[in-house]
Every structure is written in C-alpha cells, then in structure tokens.
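Right, one structure below, let's go through it.
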Amino acid sequence: MTAPAIAATGLTRRFGQIRALRGVDLRLERGRRLALFGANGAGKTTLLRILGLGLAPDAGSLAIDGLDPRKDAQAARSRIGWLAHASLLYADLTARQNLEFWSRLYGVEDPAARAGQLLEEMQLTAYAEEPAGILSRGLSQRLSLARAMVHEPALLLLDEPFTGLDPYAADGLRARLKTTGGADTSFVLATHRIDDGLALSDQWIVLTRGKIVAAGSSPETDPQTVADAFFPARGAA
Amino acid sequence: MKTVGFWRAAWLVARKDLQLEWRTFDALAASVVFAVVVLLVFQFAVGGGPARQLSADALVPGVLWLAISFSSVVGIARSMDVERRGDTLAGLFRAPIDRGAIYAGKLIANAVRIALLEVILVPLAIVFFNASLGGAWLELIFVLALCSFGLCALGTLFGAIVSRVGRGEALLSTLLLPASTPLLLAGVTATGALFRGDGLASVSRWLGMAAGFGLLYFFVALATFEYVLEE
C-alpha cells in the first residue's frame, strides 16, 4: 500500500504568546491535491513551513511520503518541492543555470537534460539563457515552479503562488499547475483565492486561529460555503 | 536520484557562489576597491608626515591586515546579500543535503575570494610602502592562509546570521571584527616577523593561537549553522 503524501497528527506551534497552530490533523493521499484557505494570521504559512520541514512543530507527529523527518530528514526533504512568493532563484544566474544548480543539489541523474525538459514544459526555452533577475514576475514564477519540480517531488507545497501576478500570468501559472507532476504528485496550495483553490484541488480545508474549522471535497463545494467558513462573522450576517 | 554527499554538496554550493562572482565580480570588486583605497590613504598619510620615520616592516603588517579584515566584511556581506534577494538560503536549507555542507561551501567560496584579494593586495602593499620580504613568500602565504581561514570561518557564520535577520555590513562588522581580534593580532605579529626577516619560529605561539581559534570557529560554526538557518 502506498504511504500517504502527508500524515500529520496534533501539530502545534507557538511563537511566544501566539499559538499559531493548535493541534492540526491532516492526511493527504498520494496524487491528491489540497487547497488550504484561511485569513491572514490563520496559520497557513506556519503549517506549510512545518510540512516543508523548514520549521519544527512544538508537538505532534508528521510523516512525509511515509518518512519520519526526525529519523530520516534528508530523504524526507527530497520528497518535497516548494513554491512561494520568494523566487528561490539566483538573479544573476540564467534560467538554465538555476535549474541545473538545483537539479545537481537534489541529486538528479542528468541535470542538463532535466533542466532542458523543464524549460520546455514551462514554455521557457526562449528565456533559457537570460538571467533569472530580468524575467517578468509571471515568467519568474513559472521558472520557480520548474525549480520546485527538478527532483519530481511527491509533495509540492505552494504558498500564495499567485501573489503579484497579473491576470494573464496567473492564467499561465494556473495552466501549468493543472498539468504539473504525474498522477502521484500531491500538492498543498495555500491561497486566499477561493475560486483558484477549488478549481485546482480535490479537497480543501479552512484554518482559523491555527485550527481546521471546515473541510470538504472541492468539486462538490460552492465557493460561498468556503467563504462562509473563511469569514464566519460575514457568513452569519 | 542520487544521494548528494557532504563534500559534493559543499563543492556545488561553492561552485555556484564562484560562478555568480565570475558573472558580476560584485563582492570581489567591492573588496578590492575598498582595500586599495585603504592602502592609498595610508600611503598618502605616511608619505608626508612624521610617520615616514616608521620603517616599512612596522607599517605594512598593520595596514595589510586592516585592509584584509575590513574588505572581508564587505565581500562576505555582498556574498550573503545574493542569497537574501531570492530567499535562496531558505531554498538551500530545504534541499536534501547535510546543512553543514552549505556552510562549508560558502566558506570555500569566501576563502577563494579573500585569497584573490590578497594576491592583488600584498604586492601593492609592498610596492606602495617600499617594503622588502626577502625570500619569505611561502611563509607569508602560510600566514595569510592560516589567519584568513579563521576570518572566513567566522565571517561565513556571522554573514548567514546577518542575512537571516535582514541586516547589512554594519552588523556584520560589529560581530566579526571584535571576535576576530585574536586572528588579526596573530596575523599582524607573524607578518611583521617576516618583514623583519625574523622567520616564523619566533612567532610560533601566535601561529598556534591562530590555528586554534580558526579550528574552534570552524567547528562551532559547522555545528551551529543549521540552527542559524532554521526559519
């Protein structure tokens, strides 16, 4: 039986007096796509940072693709790809050099071939020899998605990937996200954009003050249902 | 996918840093310009005043290590600034490699930069101050390598700390220069001995101290770097 992409129980995390996460349980099967909704300060980024193994929880257990990060940290990290508003790209290296560098660091067998393949998939071949720093925000975000995919991760974590994109660039990224990865690639998409989140995912959850307060299956959900959970006061009104 | 070992990962990080340096000459150019200005200012000040009575072997070691230490701050801060722009240090932190290898790679790149700076700076200092080293070039290279290693070991760690808290060169120099004082004193003393023609045997205690501090800084930094990078 295939291990789930994420199996988390009782994740908690405090920052001083602030309880950013309060006992989050989450299970995401391989190949499933999860939209993570919540207002600012709800705990979305903290949850993603813990799932991305950039931050340790104060309590709770976590397994990524069946691996316990406390016992096998490097193997667990090799299963994860990360796309955020920061590009994680070197502005003075070309698009190709960036992809080759990250491919080598992730132990990809043929970094040059993988970089070429990803540039083609993301329709960036024309910009392959341009420094990443001169690319538009939309192209840069596509290159960042390619960077996150160099090692074909089992789990892709997306933290507000549409921030700062114009509608055309957002369309481009949306199209890439729909086709990115194989049937076994799972992703968690943290976003404020309810329509995008529902369109790109199979299931969704809403975080409020560090707790999951609502969850459902995306194809069967009306955006208003999420909005009501997202802003309970407005929903009640 | 292959597992990337410690030294392979360190080499990849170092090579990437040097590739970036080769494309822009950002950190090296800033360091060299700063160091040459320090030499020029001192040469100009000494040229017409009572300090002219000082012999070159008394002046050069101090001026040289002053220029190296301050230029290192400029160079290390610039090299870390590259990581801050795209939050790439967080990307390195998430890669499936030993996190100590990130430190080792950045240390290697910083050491190469400082070595290149010294290749330019030492001949200039000798010419500017009309100093003579005799035949002690190999000994000078040894002293420069020993003390610069410690400076890089500490500077790379502090550079990462400064980069994570979003501060620049001012905080780096506040942290690095006081902590590297033993290395700088050892460097000045040993370099002075070479310019006086005394040889390194007369300063073996200073060299031992520089080696001890260098290794201490290296191992402490290697052990703590992961926690520095933690988000």
- Task: Would you mind telling me the antiparallel percentage of the DSSP bridges in segment A:77-218, rounded to 5?
- Result: 45 percent
- Within 10 Å of the Cβ of an average residue in B:10-19, the count of other chain Cβ atoms is 2
- Note on the structure: Sorted by accessible surface (1.4 Å probe, heavy atoms of the protein chains only), largest first, B:Leu222, A:Leu34, A:Leu165 come out as B:Leu222, A:Leu165, A:Leu34
- Message: If the only charges are +1 at each Lys and Arg Cβ and -1 at each Asp and Glu Cβ, what is the size of the charge dipole of chain A around the Cα centre, to the nearest 20 debye?
- Response: 900 debye
- Item | Cα long-axis angle, helix B:6-24 against chain B (0 to 90 degrees, to the nearest 10) | 60 degrees
- Item | Buried solvent-accessible surface, both chains (B, A), 1.4 Å probe, Å² to nearest 100 | 2900 Å²
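Counting pairs of alpha carbon atoms under 8 Å apart in space and at least six apart in sequence, what relative contact order in percent does chain A give?
27 percent
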- Query: What fraction, in whole percent, of alpha-carbon pairs in segment B:1-87 exceed 21 Å separation?
  - Reply: 50 percent
- Please check which bits of segment A:139-179 a label hung off A:Ile18 would reach, taking the label as a point 7 Å along Cα-to-C-beta and the cut-off as backbone N under 19 Å. A:159-160
- Share of antiparallel DSSP beta bridges in chain A, in percent to the nearest 5? 55 percent
- Report, in whole Å, the centroid distance computed from the Cα atoms of segment A:1-53 and segment B:78-130. 36 Å
- Task: Give the residue from A:Gly60, A:Gln17, A:Ala86 lying farthest towards the positive end of the charge dipole for segment A:1-120; charges sit on Cβ (+1 for Lys and Arg, -1 for Asp and Glu) and the dipole is referred to the Cα centre.
- Result: A:Gln17
- The answer for the protein assembly as shown, accessible area per residue at 1.4 Å probe in Å², is 42 Å²
- Query: Does any residue of segment B:204-231 lose at least 40 Å² of accessible area with all protein chains in place compared with its chain alone, and if so which ones (probe 1.4 Å)?
  - Reply: B:Glu231
- Query: Got a sec? Charge dipole of chain B, +1 on Cβ for Lys and Arg, -1 for Asp and Glu; which of B:Ile102, B:Ala115, B:Ser180 is way out at the positive end?
  - Reply: B:Ile102
- Query: Dividing the Cα radius of gyration by the Kirkwood radius, what Rg/Rh value follows for segment B:141-224?
  - Reply: 1.05
- So what is Rg over Rh here for segment B:121-172, counting just Cα atoms and using Kirkwood for Rh? 1.20
- Using Cα atoms only, what is the angle between the long axis of helix A:167-179 and the major principal axis of chain A, expressed in degrees (0 to 90) to the nearest 10? 90 degrees
- Message: Roughly how far apart, in whole Å, are the Cα centres of segment B:157-197 and segment A:120-151?
- Response: 39 Å
- Task: Just tell me which aspartates and glutamates come within less than 20 Å, Cα to Cα, of A:Lys44; anything on the same chain fewer than 8 places away is out.
- Result: A:Asp25, A:Glu29, A:Asp58, A:Asp159, A:Glu160, A:Asp195, A:Asp196, A:Asp202, A:Asp228, B:Asp87, B:Glu230, B:Glu231
- Query: Taking only the alpha-carbon atoms of chain A, what semi-axes of the equivalent ellipsoid follow from 5 times the gyration tensor eigenvalues under a square root, in whole Å, largest first?
  - Reply: 29, 21, 16
- Message: Suppose we keep just the alpha-carbon trace of segment A:1-139; what are its Rg and Dmax in angstrom?
- Response: 17.6, 50
- Query: Taking the DSSP beta bridges in the protein assembly as shown as the whole, what percent of them are antiparallel, to the nearest 5?
  - Reply: 55 percent
- Item | Whole-number D in µm² s⁻¹ for segment A:139-192, Kirkwood Cα-pair radius fed into Stokes-Einstein, 4 °C, 1.567 mPa s | 113 µm²/s
- Message: If I build a Gaussian network model for chain A, linking alpha-carbon pairs within less than 10 angstrom, which residue out of A:Arg22, A:Arg70, A:Arg30 has the largest mean-square fluctuation?
- Response: A:Arg70
- Please report the relative contact order for chain B, taking Cα pairs under 8 Å with a sequence separation of at least 6, and give it as a percent rounded to a whole number. 28 percent
- Item | Estimated D of chain B in µm² per second, where Rh is the Kirkwood radius over Cα pairs and Stokes-Einstein applies at 10 °C, 1.306 mPa s | 87 µm²/s
- Query: Can you list the residues of segment B:53-94 whose accessible area drops by at least 10 Å² going from the chain on its own to the full set of protein chains, with a 1.4 Å probe?
  - Reply: B:Val82, B:Arg85, B:Gly86, B:Asp87, B:Thr88, B:Gly91, B:Leu92, B:Phe93, B:Arg94
- How much accessible surface does A:Thr208 have with a 1.4 Å probe, in Å² rounded to 10? 40 Å²
- Globularity index of segment A:110-237, i.e. its alpha-carbon radius of gyration over 2.2 N^0.38 Å: 1.21
- Helix axis angle, B:204-229 relative to chain B longest principal axis, alpha carbon, degrees: 20 degrees
- Task: Consider just the alpha-carbon atoms of the protein assembly as shown and return their Rg together with their Dmax, both in angstrom.
- Result: 26.4, 89
- Query: Rounded to the nearest 0.05, what FRET efficiency do A:Ala128 and A:Tyr168 have when you use their Cβ-Cβ distance and R0 = 22 Å?
  - Reply: 0.55
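The values are calculated or read from the model by the stated rules, or taken from the named source; none is laboratory data. Note that the structure is a prediction, hence the values are computed from the model and not measured. Counting neighbours? That spans all protein chains shown, and the Cβs are built from the backbone with ideal geometry, glycine included. For the accessible areas, the whole protein counts, side chains as well, though only heavy atoms, and no ligand, DNA or RNA atoms are used. Shrake-Rupley method; radii C 1.70, N 1.55, O 1.52, S 1.80 Å.
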